[in-house]
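No lab work stands behind these numbers, since they all come straight from the coordinates. The structure presented is a predicted model; accordingly, all values stated were derived computationally and were not measured. Ideal geometry is used to build each Cβ from the backbone, glycine not excepted, and the neighbour counts take in all protein chains shown.
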Amino acid sequence: RHRFLPPETLRHAYDDESIPIGLGQTITPPFDVAFMTEALDPKPTDKVFEVGTGSGYQAAILSRLVKDVYSVEIHETLSKRASEVLKEVGATNVHTRVGDGYAGWPEEAPFDAIIVTCAPRKIPPPLIEQLKEGGRMVIPLGGRFNQTVYHVTKQNGKLITKELRPTLFVPMTGRAQREAAGTQEKEKP
């Protein structure tokens, strides 16, 4: 985990807590990374989509367990740093880009599994569309200080949701944040 942190926070690298990584974002505590990874039930043949690259730590963990990870980060600075660190640690099957995770990564969909490392109030419809039939999603949902991690399975085009545990993640920004604030902008064609 220390490879994914800013130098000034290294002394906290293995504390089981969120650590700031810049731009109001944090690296997820190790227990939560392990919990969400296990809940996702990754398979060696999986193509996984991650919303919120952040430091790249979650993507690096998944890279050892699945075929490919596609990860989107809304903050260009964080995305660039994560890409560099992922390359340094040999996570060659992690593909990153800058963008709003709300929209998913339609060019690479569908995905066997989706993991979200920021909390929208509700599941973004594009993520549902990009999840394969029989696919799994692990996502924290809720307001700033009242969130729950859910396991979601897509069966016959419908979502089967299971509440897993209370949690606290940074809120999803971009379109999800605008919708939560009631200021959704018109989509551009």
For G22, what residues show an amide H to amide H distance below 5 Å, using hydrogens built from the backbone and excluding near sequence neighbours?
none
Residue by residue, what Karplus-based ³J(HN,Hα) values in Hz, rounded to whole numbers, does region 74-79 have, using 6.51, -1.76 and 1.60 with θ = phi - 60° and x for Gly and Pro?
6, 9, 4, 4, 5, 4
For region 107-189, restrict the atom set to alpha-carbon positions and state the Rg and Dmax in Å.
13.1, 38
Let me know the shape class of region 63-102, please: from the alpha-carbon gyration tensor, a ≥ b ≥ c as square roots of the eigenvalues, rounded when a/c is under 1.5, otherwise prolate if a/b is greater than b/c, or oblate.
oblate
On each of the three principal axes the extent of the alpha-carbon atoms of the chain, given in whole Å and largest first, is 45, 39, 35
Treating the beta-carbon of each Lys and Arg as +1 and of each Asp and Glu as -1, no other charges, what is the dipole magnitude of the chain about its Cα centre, to the nearest 20 debye?
220
In sequence order, calculated HN-Hα J values of region 142-157 (Karplus, 6.51, -1.76, 1.60; Hz; x Gly/Pro):
x, x, 4, 10, 9, 10, 9, 7, 10, 9, 10, 10, 9, 10, 6, x
Work through the residues other than T117 whose Cβ is under 11 Å from its Cβ and net out their charges, Lys, Arg +1 and Asp, Glu -1.
-3
Please list the non-local residues whose amide H lies under 5 Å from the amide H of T96, H modeled 1.01 Å from N, same-chain partners needing a gap of 5 or more.
S71
For region 1-71, using Cα atoms only, the Rg and Dmax in Å read 12.4, 37
What pairs from K43/K87; K87/K132; K80/K154; K43/K80 go past 30 Å between their alpha carbons?
K80/K154
Residues Y70, Y14 in order from fewest to most other beta-carbon atoms within 10 Å are Y14, Y70
Could you work out the local net charge near V66, counting Lys and Arg as +1, Asp and Glu as -1, over the other residues with Cβ closer than 14 Å to its Cβ?
-1
